[in-house]
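*Asks:* If you scroll down you'll find the structure; I have some questions about it.
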Amino acid sequence: MENLGNLLEGFGHVLTPMNLLISLLGVTIGTAVGVLPGIGPAMTVALLLPVTYSLGPTQSLIMFAGIFYGGMYGGSTTSILLNTPGESSSVVTAIEGNKMAKAGRAAQALATAAIGSFVAGTIATVLLVVVTPPVVSFAISLGAPDYFAVMLLAFVAVTAVLGASRVRGFAALLIGLVIGVIGVDQTGQQRLTFGVPQLIDGIDVVVVAVGIFAVGEALWIAAHLRRASGEVIPVGQPWMGRSDWKRSWKPWLRGTALGFPFGAVPAGGAEIPTFLSYITEKKLSKHKEEFGKGAIEGVAGPEAANNASAAGTLVPMLAIGLPTNATAAVMLAAFEQFGIQPGPLLFTRESALVWTLIASLFIGNLLLLVLNLPLAPAWARLLRIPRPYLYAGIIFFASMGAYAVNAQPFDLFLLLALGLLGFGMRRFGLPILPLIVGIILGPRAELQGRRALQLSGGELHGLIGGWVSWMIYAAVAVVLLWPLIGRFVVRPLRGRLVTG
């Protein structure tokens, strides 16, 4: 009941004319930028992060919630109409969505994506309200060794699970850790500043996020896509018939049930639940012959899983301060730009702010549905922007935003260097998320590790706390040794079962 009262109080803060206008502006900007080809939610959030810098924390996070959900929805429009997923989690939507559009059912594909996003986002936000407080209560009981173990698990999970190569994952993590420790350490010693005064306070995480995501992604896409805008399939007003509703509502619910848990675990992401949702709907559908040709279930389920996963990422981010995907990592940067530290004490120190943010997710989700159904044809016109203008504009606004953070010309040089780093990482197949996680969690892991060692007088056993840390270290060992376990244990056992 206390949490319900806090949530109602949060709605009271959101439901004012100015805050509603800011939420509407957030979902509009988020959708508009997210619709543009090749720009996923993480890049949308990173690019627009400096926009919220001039607002106060409450209004900034209300706008940010709108940008977050708007960017998630925008990628589905690009996937359906242009067959160009903004990120990997939208790939499954493109499989059936673009086929539907080519068959003249673009309106139905966009409608089931919009309504499915609303249903999944609403249910997942309710689960966020229910699940997060118990997680916070549990997190408060953890000590420094446990937090160090949790962050070590995050490092291992995002590097060993994501991407095609563990070596590339750990290389990206190492780069992130190096960037994260630049500046003055806890003993007052300068690290990796090379005598540059502007580096003494470290590199602002906003500049890093904008450089790696916005500039790096823009350079990469501009270098590989053709100069002309893609061929956009015409779309009318989104609507769904009775049979479409009948075939969509169960995939929406199943997609939500798959997406939320995966979003809440380290390195779960939205890719696995979207593919699982697609496979599930293909097996359960009474219209299996339509899959591969434009089945509406193949759009409804994965889109719901994608958006439910997005809400799930907020559970560990708010409760523990642990980002589980790139978008959550950039959202964490938004908190830090106001000096707010996500974690178990966040609900105590900034209770009104957190519940206002959660309430704004409900409002933003509703505004997103009201906005996108009538404006789908307008979003489709954005896809006709010529590529040179589009990516030149992205780099321009990214530069202006990064400069506005500290008003230092040096940040523009950093932005260019980080943009080239992001470009190079994409060129050589290094995943971006381990780098961002290393930058954000690296200093925190160092702090918790120092505290644990200080409490034990410098003994290494101080890094092992109670049963929580033991379980986490066991999970880390399984993740690291899984290739060997699979080769020498699972495969021989499977072979015996087959021959037997």
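*Asks:* Here are the criteria: (1) part of a helix (DSSP H, G or I); (2) farther than 30 Å from LEU322 by Cα. Tell me which single one GLY116 does not satisfy.
*Replies:* (2)
*Asks:* Buried (at least 24 other Cβ atoms within 10 Å of the Cβ), at pLDDT 80 or above, over 19 Å from the mean Cα position of the chain (by Cα) and part of a helix (DSSP H, G or I): does that describe PHE170? Explain how you work it out, then say what you get.
*Replies:* Numbers: buried (at least 24 other Cβ atoms within 10 Å of the Cβ): no; at pLDDT 80 or above: yes; over 19 Å from the mean Cα position of the chain (by Cα): yes; part of a helix (DSSP H, G or I): yes.
Taking the combined requirement at face value, the residue does not satisfy it.
*Asks:* May I pose another question? Go through GLY458, GLY429, GLY465, GLY424 for me and flag whichever is open to solvent by 10 Å² or more (accessible area, probe 1.4 Å), over 19 Å from VAL45 (Cβ atoms) and touching an Asp or Glu at 6+ places or on another chain (Cβ under 9 Å).
*Replies:* Checking each option against the conditions leaves just GLY465.
*Asks:* Tell me which residues, restricted to segment 196-212, are touching a Leu at 6+ places or on another chain (Cβ under 7 Å) and either open to solvent by 10 Å² or more (accessible area, probe 1.4 Å) or not aliphatic (A, V, I, L, M) (or both).
*Replies:* Across segment 196-212, the qualifying residues are ILE203, GLY211.
*Asks:* OK, next. With the structure loaded, tell me whether GLY263 is in contact (Cβ under 8 Å) with a residue 40 or more places away in the chain, out of contact with any Lys or Arg (no Cβ under 8 Å at 6 or more places or on another chain), under 22 Å from VAL92 (Cβ atoms) and assigned to a helix (DSSP H, G or I) or whether it fails that test.
*Replies:* yes
*Asks:* Among the residues of segment 99-144, count how many are more than 19 Å from the chain's Cα centre (by Cα) and hydroxyl-bearing (Ser, Thr, Tyr).
*Replies:* So the answer is 3.
Let's see how each residue does on (1) polar (S, T, N, Q); (2) under 23 Å from LEU25 (Cβ atoms); (3) open to solvent by 20 Å² or more (accessible area, probe 1.4 Å); (4) touching a residue at least 24 places away in the same chain (Cβ under 8 Å):
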| site | (1), (2), (3), (4) |
| --- | --- |
| SER60 | yes, yes, no, yes |
| GLY71 | no, yes, no, yes |
| ALA107 | no, no, no, yes |
| ALA113 | no, yes, no, yes |
| THR125 | yes, yes, no, yes |
| ALA154 | no, no, no, yes |
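*Asks:* Cβ-Cβ below 7 Å, separation at least six or inter-chain, first residue in segment 352-369 and free of Cβ contacts under 8 Å to residues at least 12 places away in the same chain and closer than 13 Å to ASN19 by Cα, second among the small types (Gly, Ala, Ser) and in a helix (DSSP H, G or I): which pairs?
*Replies:* No pair meets every condition.
*Asks:* Give the residues of segment 242-290 that are among the acidic types (Asp, Glu) and at pLDDT 85 or above, sorted by residue number.
*Replies:* GLU281
*Asks:* Select, from ILE385, ILE394, ILE320, the only residue that is in contact (Cβ under 8 Å) with a residue 60 or more places away in the chain and open to solvent by less than 30 Å² (accessible area, probe 1.4 Å).
*Replies:* Answer to the check: ILE394.
*Asks:* Here's a follow-up. Look through GLY34, GLY66, GLY75, GLY71 and report the one residue that is assigned to a helix (DSSP H, G or I), modelled with pLDDT of 80 or more and of a type outside the set (A, V, I, L, M).
*Replies:* Answer to the check: GLY66.
Every residue, every condition in (1) under 29 Å from SER76 (Cα atoms); (2) in a helix (DSSP H, G or I); (3) under 12 Å from the mean Cα position of the chain (by Cα), yes or no:
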position	(1), (2), (3)
ALA328	yes, yes, yes
LEU332	yes, yes, yes
GLY343	no, no, no
VAL354	yes, yes, no
LEU361	yes, yes, no
ASN365	yes, yes, no
LEU369	yes, yes, no
ALA376	yes, yes, no
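*Asks:* How many of the residues making up segment 51-63 are part of a helix (DSSP H, G or I) and either modelled with pLDDT of 75 or more or of a type in the set (Gly, Ala, Ser) (or both)?
*Replies:* Total meeting the criteria: 8.
*Asks:* Same structure again: Taking segment 310-331 as the region of interest, how many residues are out of contact with any Gly (no Cβ under 7 Å at 6 or more places or on another chain) and modelled with pLDDT under 80?
*Replies:* Adding up the residues that qualify gives 8.
*Asks:* If you don't mind, there's one more thing I want to ask. Filtering segment 378-423 down to residues that are at pLDDT below 75 and among the charged types (D, E, K, R), which residue is nearest to PHE338 (Cα to Cα)?
*Replies:* Here the residue is ARG387.
The values are calculated or read from the model by the stated rules, or taken from the named source; none is laboratory data. These figures come from a predicted structure and were not determined experimentally. Because the Cβ atoms are built from the backbone with ideal geometry, glycine has one as well, and the counts that use them run over all protein chains shown. To get the accessible areas, we keep the full protein, side chains included, count just its heavy atoms, and leave off ligands, DNA and RNA. Shrake-Rupley method; radii C 1.70, N 1.55, O 1.52, S 1.80 Å.
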